[in-house]
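Peer 1: Starting off with a structure, shown below.
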Amino acid sequence: MPDRTTAVTTDDGSPTADAGAAGPPPVADARPPGRSGRHWWTALRPLVLRLHFYAGVLVAPFLLVAAATGLLYAASFEAEKIVYDHELRVPVGERELPVSRQIDAARAAHPEGTISAVRPSPEAGATTRVLLSGVKGVDPDHTLAVFVDPYTGKVRGALEQYGSTGALPLRTWIDELHRDLHLGETGRLYSEFAASWLWVITGGGLVLWLTRRRTKRRLRAIALPDRAATGRRRTMSFHGAVGVWAAVGLFFLSATGLTWSTYAGASIEDLRSAIGQTTPSVSATLDGREQPHDNADEHAGHGSMPGMDMGGEDPSSARDVGMDAVLKAARAEGLSNPVEIVPPADADTAYVVRQIQRSWPEKQDSVAVDPATGEVTDVLRFEDYPVLAKLTRWGIDAHTGNLFGLVNQIALGALALALIFLILWGYRMWWQRGGGSAFGRPVPRGGWQQVPPYVLVPLAAAVAVLGYFVPLLGIPLAAFWALDIVLGELAYRRGLRTYR
């Protein structure tokens, strides 16, 4: 009967000897098998090491693309201010014109499409944006933003805009590159795949690094690279130390990235709905029926709001108090800048005025205003949002570099660079493991057979449940596991290995 002993690995995952090599019999442990001291981790470690190795090798290309494009996105906010300075900034004047006159100027220059929203100048020297939907040549999910000098009424230009943060063409292009590689819904699978595995690779690497040796649990040995080491151990030292510093941020990016992904995001949304933690929205209908006007998704575009035309008058309504009166009513409810005014969709709906500040402290209050009377019909305060709705909002805004402004964007850039170096160091270790002339052998299979049942069974159950809710983690993991078992069985039957 062939020996099925699992190959033993050293601290860095390299095999110590051939599995079937002769040697002295192991000393029996006097304590109960399976529950003795660190036995469960000693048995589990090869499995974690193998998962970390293969996940790192196979998923790293996707993570590398996500990190590189994420680095570009972190820099796009400041680049946008420079590239579009003419449209975004104007000399400060003495007095701003009424919003209705600014809208008249925008419509005179761009009569095409319909007004979907208006963003009055949020601060001194900033332009007003009049957003037009249904414009020929503009992506249906985008709007055409007409920039108006609030002091003179002069139109400064028009640019395509996307999303609740008002991304202009440069940032929009980079955002879509990071999110879906400009491949649409199919391309979004790449970013969800990367986010689904990032926390697994990070967690596995962190556990392996922190437990690699009892004698190296000193903080200095864990958090700082060993500059005296050479070769593969030097590379591993930098890989592990930088990974420790970046781990919390990488966990955060993985979790928040999944919140608006296609499949895992739907599972998260279903869970929030089941426990009453969805993002609320102000009621925009005059008969009390709710219309969705929330911006929980950073990448959500503006819906088409037909009927709004010159000067804010709604031709479907017998009477309209106009944008200026609506804005005044919102100000009376405490809605300070920046705000966005969304016109009524039809004669039965109200104006919606909402705050759109995504930086800390966030401003997310919104009100509905009756177009016939100018009276506020509904108010929604951000402080009344459910806890998970607030956390989702903050998480998305931090992930996209909005929550803490420039500091946030620098931190994201640093995390992206750290991930890029971690991936490159990981591949370098694989190369060095092969002696610098070829990639080294993979971590031997068969480690799961040594894991005690009281650890393996609940672990497998937890992975199955998690894989159901995060399918781009569960499906590839199940496929790899099945393939690994088949290859191991074939090798065992052919006598190429003494273990499966």
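The values are calculated or read from the model by the stated rules, or taken from the named source; none is laboratory data. Computed from a predicted structure; not experimentally measured. So basically every Cβ, Gly included, is an ideal-geometry build from the backbone, and we count neighbours across all protein chains shown. The area values use the complete protein model at the heavy-atom level, side chains included, leaving out ligands, DNA and RNA. Shrake-Rupley method; radii C 1.70, N 1.55, O 1.52, S 1.80 Å.
Peer 1: Please go through the range 356-388 and pick out each residue that is without any contact (Cβ under 8 Å) to a residue 12 or more places away in the chain and not acidic (Asp, Glu).
Peer 2: Result: Pro361, single match.
Peer 1: What are the residue pairs meeting all of these: first residue in the range 484-500, first residue open to solvent by less than 80 Å² (accessible area, probe 1.4 Å) and β-branched (Val, Ile, Thr), second residue outside any loop (DSSP other than H, G, I, E, B) and modelled with pLDDT under 80, Cβ atoms under 9 Å, and 6 or more apart or on different chains?
Peer 2: Going by the 9 Å Cβ cut-off, the qualifying pairs are Thr498/Tyr492.
Peer 1: Being of a type in the set (Gly, Ala, Ser), over 9 Å from Val369 (Cβ atoms) and crowded, with 24+ Cβ neighbours inside 10 Å is the filter here, so list the residues in the range 332-355 that pass it.
Peer 2: Those that are of a type in the set (Gly, Ala, Ser), over 9 Å from Val369 (Cβ atoms) and crowded, with 24+ Cβ neighbours inside 10 Å: none in the range 332-355.
Peer 1: For the range 361-371, check the following and say yes or no: at least one residue is part of a loop (DSSP other than H, G, I, E, B), within 24 Å of Gly113 (Cα to Cα) and either under 27 Å from the mean Cα position of the chain (by Cα) or modelled with pLDDT under 95 (or both).
Peer 2: No, there is no match, as no residue in the range 361-371 is part of a loop (DSSP other than H, G, I, E, B), within 24 Å of Gly113 (Cα to Cα) and either under 27 Å from the mean Cα position of the chain (by Cα) or modelled with pLDDT under 95 (or both).
Peer 1: Sticking with this one: Given the criteria modelled with pLDDT of 95 or more, surrounded by fewer than 19 Cβ atoms within 10 Å (Cβ to Cβ), within 29 Å of the chain's Cα centre (by Cα) and not in a helix (DSSP H, G or I), does Gly276 qualify?
Peer 2: Judged against the criteria, Gly276 is a match.
Peer 1: Sticking with this one: Could you please give the count of residues in the range 123-144 that are in contact (Cβ under 8 Å) with a residue 40 or more places away in the chain and surrounded by 22 or more Cβ atoms within 10 Å (Cβ to Cβ)?
Peer 2: Total satisfying the criteria: 4.
Peer 1: Based on this model, can you work out whether Ala414 counts as more than 25 Å from Val353 (Cβ to Cβ) and open to solvent by 20 Å² or more (accessible area, probe 1.4 Å)?
Peer 2: Against the criterion (more than 25 Å from Val353 (Cβ to Cβ) and open to solvent by 20 Å² or more (accessible area, probe 1.4 Å)), Ala414 qualifies.
Peer 1: Between residues in the range 333-355 that are among the small types (Gly, Ala, Ser) and residues that are at pLDDT below 95 and in a strand (DSSP E or B), which pairs lie under 8 Å by C-beta distance while being six or more apart or on different chains?
Peer 2: Between residues of the range 333-355 that are among the small types (Gly, Ala, Ser) and residues that are at pLDDT below 95 and in a strand (DSSP E or B), the close pairs are Ala350/Thr285.
Peer 1: Hand me the list of helices (runs of 4 or more DSSP H) wholly inside the range 37-115 holding 2 or more residues that are open to solvent by less than 50 Å² (accessible area, probe 1.4 Å) and within 26 Å of Val321 (Cα to Cα).
Peer 2: Correct list: 99-109.
Peer 1: For the range 62-90: of the residues being within 14 Å of Arg156 (Cα to Cα) and free of Cβ contacts under 8 Å to residues at least 40 places away in the same chain, which is nearest to the chain's Cα centre (by Cα)?
Peer 2: Asp85
Peer 1: Is there a residue being of a type in the set (S, T, N, Q), within 25 Å of Val57 (Cα to Cα), modelled with pLDDT of 95 or more and open to solvent by less than 50 Å² (accessible area, probe 1.4 Å) anywhere in the range 188-195?
Peer 2: Yes: one or more hits.
Peer 1: With respect to the numbered conditions (1) farther than 24 Å from Leu412 by Cα; (2) touching a Pro at 6+ places or on another chain (Cβ under 9 Å); (3) surrounded by 16 or more Cβ atoms within 10 Å (Cβ to Cβ), which one is the sole condition not fulfilled by Arg232?
Peer 2: (2)
Peer 1: Same structure again: For Phe404, only one of the following conditions fails: (1) in contact with an Asp or Glu (Cβ under 6 Å, 6 or more places away or on another chain); (2) without any contact (Cβ under 8 Å) to a residue 60 or more places away in the chain; (3) under 24 Å from Arg179 (Cβ atoms). What is its number?
Peer 2: (1)
Peer 1: I'm told Leu208 meets every condition in (1) hydrophobic (A, V, I, L, M, F, W, C); (2) farther than 15 Å from Gly70 by Cβ; (3) open to solvent by 20 Å² or more (accessible area, probe 1.4 Å) except one. Can you identify the failing condition by its number?
Peer 2: (3)
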